[in-house]
There are 4 protein chains.
Amino acid sequence: MSSMEKINRFRDERDWRKFHNEKDLAISISLEASELLELFQWKTSEEVKKNSIERIKEELADVLIYSYMMADNLDFDIDEIISEKLKKNNNKYPIELSKGNNKKYNEL
Amino acid sequence: MSSMEKINRFRDERDWRKFHNEKDLAISISLEASELLELFQWKTSEEVKKNSIERIKEELADVLIYSYMMADNLDFDIDEIISEKLKKNNNKYPIELSKGNNKKYNEL
Amino acid sequence: MSSMEKINRFRDERDWRKFHNEKDLAISISLEASELLELFQWKTSEEVKKNSIERIKEELADVLIYSYMMADNLDFDIDEIISEKLKKNNNKYPIELSKGNNKKYNEL
Amino acid sequence: MSSMEKINRFRDERDWRKFHNEKDLAISISLEASELLELFQWKTSEEVKKNSIERIKEELADVLIYSYMMADNLDFDIDEIISEKLKKNNNKYPIELSKGNNKKYNEL
């Protein structure tokens, strides 16, 4: 069973789809991203990877799960929207200009 | 090519992996989630779906792309961490208790 | 004693200022804002005001406390930066154009 | 005129209070906190303080302005909620246990 099918089964078994309007899903994605970020508060990446790898796994999964739910609500194909966005980023960040530097596209 | 391979090619062509420590990636995931949420600010889900579906697609893709990068940095398998988290949620939210209500697990 | 003095006393008594670099304070402000937002997840403003007014008070205070800490770190005067920003917003949102509508300044 | 009076005058002149339900204000506070955090993305505190001090001032002011709006909506007194929260934090983080360490209260 695909990840998307598992996620949908999870929410449909609980009859939760009725709560999942897109505005509240956007809030949820943002909150889960904050819980992930919270692991890194006052710490370095190295400290967190050493001590909290299982927590990272869980919080990152939560971000993904809510993101998949929103994609499903809106009939987006995950691989397709990633691929389309990478194409746009390719145009915004030409390899020759952005190689090895982290400037924003409007500063290139 | 899988989404993960496309994403890694994108950042490796630009030699960007050196910037992608996990703390900054966690910040990026949170920021992209905020850009997604911003589309819904002062609006209903319906208004946003009608007027900004392409923008949702792009911002959601950005959340996914940075999430995939963090997963790759840490050698997580996307489908595996989703599947494991759903199992945990299954235990926290038993179907019979949570069906049709949106209470948090500690309020069930 | 002013709010700023109370906040500084709190952190100085604990010798915490050494942890409070501005990047981590920016993370903290964002996390506290998320905890405030979390109260509204899946709910309407009315439900939350009715049931969680004390929680709103606490989470909003946390946003303010970390914001004051950052201001103090950078020698900003709270009233002054608010006043300057309102002047900028006044120019971005002229009363005659923005009265009663919630368009962003670049859509006016 | 106090900061609160200036902020209220700004929104009342534009007849914006009708948009400012607390759920959307909570979203706005979170978004402004993200814009502040964005300044620090991929950078150290030192780099940002050197190059973007005016931007920090503006984004921090935005966080404060929306926070003040929510306080006003709910008839909270800013100094009072800060003072009450600091008292709670005093109990959660006794000086003798937390001095010089950044552990969370449930890890003390």
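Candidates are the residues of the range D:31-83 that are assigned to a helix (DSSP H, G or I) and hydroxyl-bearing (Ser, Thr, Tyr); the one that is farthest from the other protein chains (Cβ to nearest Cβ) is D:Tyr66. Checked against the criterion of being open to solvent by less than 10 Å² (accessible area, probe 1.4 Å) and either more than 15 Å from A:Lys104 (Cβ to Cβ) or not aliphatic (A, V, I, L, M) (or both), the range D:40-48 contains one or more residues that satisfy it.
Quick grid of which residues meet (1) under 16 Å from C:Ile7 (Cα atoms); (2) open to solvent by 20 Å² or more (accessible area, probe 1.4 Å); (3) aromatic (Phe, Trp, Tyr):
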residue: D:Glu59; (1), (2), (3): no, no, no
residue: D:Ile65; (1), (2), (3): no, no, no
residue: D:Asp79; (1), (2), (3): yes, yes, no
residue: D:Asn91; (1), (2), (3): yes, yes, no
residue: D:Pro94; (1), (2), (3): yes, yes, no
residue: D:Lys103; (1), (2), (3): no, yes, no
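Residues in the range C:36-91 that are of a type in the set (Gly, Ala, Ser) and in the same structural domain as C:Glu22 (by TED's automatic domain parsing) were compared, and the one that is nearest to the chain's Cα centre (by Cα) is C:Ser67. On the stretch given as the range B:6-20, residues that are more than 18 Å from A:Lys88 (Cβ to Cβ) and either hydrophobic (A, V, I, L, M, F, W, C) or open to solvent by 30 Å² or more (accessible area, probe 1.4 Å) (or both) total 5.
Restricting to the range A:1-30, what's the tally of residues that are without any contact (Cβ under 8 Å) to a residue 60 or more places away in the chain, assigned to a helix (DSSP H, G or I) and among the polar types (S, T, N, Q)? Matching residues across the range A:1-30 total 2.
The values are calculated or read from the model by the stated rules, or taken from the named source; none is laboratory data. Predicted, not measured: the structure shown is a model, and the values here were computed from it. Positions of Cβ are generated from backbone atoms using ideal geometry, with glycine treated the same way; all protein chains shown enter the neighbour counts. Ligands, DNA and RNA are excluded from the accessible area calculation, which covers all protein heavy atoms including side chains. Shrake-Rupley method; radii C 1.70, N 1.55, O 1.52, S 1.80 Å.
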